[in-house]
Amino acid sequence: MKKSTLLLLITAGIGYQAYAQKIETTPQMSSEVGIEPIKQGNWMVGGSIGNLGYSFEAKSFNIALQPRAGYFVSDGLAIGAQANLGLATVKDADNEWTYGVAPFVRYYFPNAGSTTGRFFGQGDIGISGSSKGKDVALAVGANVGYAHFITRTVALEATFGYNYSKANINTGSGASGLGVGLGFQIYLPGKR
C-alpha cells in the first residue's frame, strides 16, 4: 500500500511539474491591424495632450488638450476638425486659458511603419484666442507622428511638430514653437 501511494504521489508530482512548464503563446495580430482602420469610409475619434510642462524659472505650468474627430475620404487620408484647449498658470498672476478650433488633414504613409503601426503627417489651420485678449488669432500647425495600434481599433500616438499663432493680425505679432504630444485614437468602421 505504501509503495502504491508513493508511486501515485510521484506520478502526480511529475504531471504537475509538466503542466507548470506548459508555454502558452499569445497570438500575433494580423498584418491588417495597421491597415484596416484607416480605410475609406471609417471614422477616427480621439485626442492628444501636449505642451505639458513646468518652468522652474517662470514658475509656470502649461497643458494643452486637443480632442478631434475625422473621416477617411480615401485609404490613409482623413479630414476632420479638432478643438484646442489650453491652460497656462503662472505664480502670482492670473491663469490664461487658450481655445481654438481648426480643420485638419492627416495622411498615413502606406509603407512607413510596422504591422501594428503607421507613421503619419498632419496639418491644420484655424482660429484661436485666449482669456487675456479679445483678438482672434490665426493658428497653423504641422505635425508628424506614429500611431501604434494596441488593438484593432485603438491606437496610441506620439507626435512632434511646429505650431504658429498670430495673436494680433493687425499688429503682426505672433508666437511659434515646437511641440510634443501624446494621444489616442479610436477607429470606427463606416458603412461599406
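Values in this text are rule-based calculations from the coordinates and carry no lab data. Note that this is a predicted model, so its numbers are computed, not measured. Every residue, glycine as well, gets a Cβ built from its backbone with ideal geometry; the counts of neighbours run over all protein chains shown.
Coupling constants for segment 156-166 follow from the phi torsions by the Karplus curve (6.51 cos²θ - 1.76 cosθ + 1.60, θ = phi - 60°), and in residue order they are 8, 10, 10, 10, 9, x, 10, 10, 9, 9, 9 Hz; glycine and proline get x. Cβ-to-Cβ counts within 10 Å put W97, W43 in ascending order as W97, W43, the fewest first.
Using Cβ point charges alone (K and R +1, D and E -1), the dipole size of segment 30-125 about the Cα centre works out to roughly 140 debye.
Considering only alpha-carbon pairs that sit under 8 angstrom and 6 or more positions apart, the relative contact order computed for segment 34-125 is 23 percent.
By the beta-carbon count within 10 Å of each Cβ, the least crowded to most crowded order of Y54, Y108, Y146, fewest first, is Y54, Y146, Y108. Its relative contact order, with pairs defined as Cα atoms under 8 Å and 6+ residues apart, puts segment 38-188 at 20 percent. Taking other C-beta atoms within 10 Å as the exposure proxy, E57, E36 rank E57, E36 from fewest upward. Largest first, the extents of the alpha carbon coordinates of segment 38-188 on the three principal axes equal 49, 33, 22 Å. Pairs with C-alpha atoms separated by more than 18 Å, drawn from the list K59/K166; K132/K166; K91/K132; K39/K191, are K59/K166. Summing Cβ point charges (Lys, Arg +1; Asp, Glu -1) relative to the Cα centre of segment 34-192 gives a dipole of roughly 400 debye.
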